[in-house]
Amino acid sequence: MRRLFFVYRQPRVAFFTGVKLDPAYAEQILSGISPLFTINQRQELRFVNRPFEEEFGIKAATVLGRRIFDILPLPVLDREAMLDALQRKGGRKSVNHQFRFRRRIYGYTVFPVGGDQGIILKNITDIRRLERKVQNLHSRLLSAQEEERQRLAAELHDGVGQTIVAAKINLMAYNADRARNESRFTMAVELIDR
């Protein structure tokens, strides 16, 4: 199985790592994956697939050759993080990055494509929203557990305290007059045994 690195579009032929493929077949492959684009060292778009066009509402013909940050004006911190990911040396894949754009959060992986960089995107907005919900539920669960612990501790403290006081009263009565209060001793032992 050959590994797909990049599609170079020529008038009627597409090349996948040197193997000629029918352009329609190549388009099917690239249309069936997540939004994908490639940029050169000047951050100019060299390729965008159909899912990228659909996700961002643009046409390849209008954006190829333009700088990615002109097409996707990212917040400063996200832009700096992407530039850092793009500038990693050694031709290695760089994963688990994210940026915000138009109220959405996208995860992305940067990978080498010849002398260019490929970026594959995934809309992770729903994933991040669900992670926040899980974190919120976890916090609420911990709070409920702590409240229950405190309630049980208070009940135990109050219940044990009352039992000890009742046992002490019975033992004091028994101690004051053992013959007359013999049943009080038995009651004190029963209270302690509960």
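Odds and ends about this structure:
- Test: residue in region 132-144 that is under 30 Å from E54 (Cα atoms), in contact with a Ser or Thr (Cβ under 9 Å, 6 or more places away or on another chain) and of a type in the set (D, E, K, R): no
- I192 closer than 30 Å to R103 by Cα and of a type in the set (A, V, I, L, M): no
- Figure legend. Inter-residue proximity from region 31-58: first residues within 18 Å of R100 (Cβ to Cβ), second residues open to solvent by 50 Å² or more (accessible area, probe 1.4 Å) and of a type in the set (D, E), beta-carbon distance below 7 Å, spacing 6+ or different chains. Indicated pairs: P35/E55.
- Residue within region 94-109 that is of a type in the set (G, A, S) and more than 18 Å from N40 (Cβ to Cβ) present: yes
- Any chance R151 is among the basic types (K, R) and exposed (fewer than 10 other Cβ atoms within 10 Å of the Cβ): no
- Taking (1) of a type outside the set (G, A, S); (2) more than 23 Å from R50 (Cα to Cα); (3) open to solvent by less than 100 Å² (accessible area, probe 1.4 Å) in turn, R88 satisfies each apart from (3).
- Test: residue in region 1-9 that is surrounded by fewer than 16 Cβ atoms within 10 Å (Cβ to Cβ), part of a helix (DSSP H, G or I), at pLDDT below 90 and over 32 Å from the mean Cα position of the chain (by Cα): no
- All conditions in (1) assigned to a helix (DSSP H, G or I); (2) exposed (fewer than 11 other Cβ atoms within 10 Å of the Cβ) hold for N96, with the sole exception of (1).
- In region 99-126, the qualifying residues are those that are at positive phi and of a type in the set (K, R), and the one that is surrounded by the fewest Cβ atoms within 10 Å (Cβ to Cβ) is R103.
- Any hit, region 75-84, residues being charged (D, E, K, R), under 16 Å from I39 (Cα atoms), open to solvent by 50 Å² or more (accessible area, probe 1.4 Å) and at pLDDT below 90: yes
Quick grid of which residues meet (1) at pLDDT 90 or above; (2) within 25 Å of T125 (Cβ to Cβ):
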| position | (1), (2) |
| --- | --- |
| L21 | no, no |
| L30 | no, yes |
| F37 | yes, yes |
| I68 | yes, yes |
| R88 | no, no |
| T109 | yes, yes |
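- Inter-residue pairs, beta-carbon under 6 Å, first over 28 Å from L156 (Cα atoms) and in region 168-194, second in a helix (DSSP H, G or I) and open to solvent by less than 100 Å² (accessible area, probe 1.4 Å), 6+ apart: N181/A173; N181/Y174
The values are calculated or read from the model by the stated rules, or taken from the named source; none is laboratory data. In this text, all values refer to a predicted model and were calculated from it rather than measured experimentally. Cβ coordinates were reconstructed from backbone atoms using ideal geometry, including for glycine residues, and neighbour counts include every protein chain displayed. What goes into the accessible areas is simple: the full protein's heavy atoms, side chains included, and nothing from ligands, DNA or RNA. Shrake-Rupley method; radii C 1.70, N 1.55, O 1.52, S 1.80 Å.
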